[in-house]
1. Any idea which of E39, E57 is over 17 Å from N6 (Cβ atoms) and not aromatic (F, W, Y)?
2. Please pick out the residue among A59, A23 that is at pLDDT 95 or above and exposed (fewer than 15 other Cβ atoms within 10 Å of the Cβ).
3. Out of (1) surrounded by fewer than 18 Cβ atoms within 10 Å (Cβ to Cβ); (2) in a loop (DSSP other than H, G, I, E, B), the odd one out for S65 is which?
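The values are calculated or read from the model by the stated rules, or taken from the named source; none is laboratory data. From a predicted model like this one, the values you see are computed outputs, not experimental measurements. Heads up, the Cβs are rebuilt from the backbone with ideal geometry, glycines too, and the neighbour counts pull from every protein chain shown.
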Amino acid sequence: MNHAANTLFVDYSLCLNCQRCLAEKVCTVKAIIRIDRDEPPFIDVHRCHGCLVCVTECAASAIRSIHKT
């Protein structure tokens, strides 16, 4: 699978805005960014490599993937 073809985003309707966002912690390229602790994070598509590790770590399943062909 070509991970570069995946675009990831945070579904804000599902995000629980966890104090300790596991998805943010496992992102090795620091693509998951939270500017204000009172707001949910977002994914910087310029940093994200599309490895999908954050998708499995998100407790709320709020990180979604769009597969581009």
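1. Checking each option against the conditions leaves just E39.
2. The match here is A59.
3. (2) is the only condition that S65 fails.
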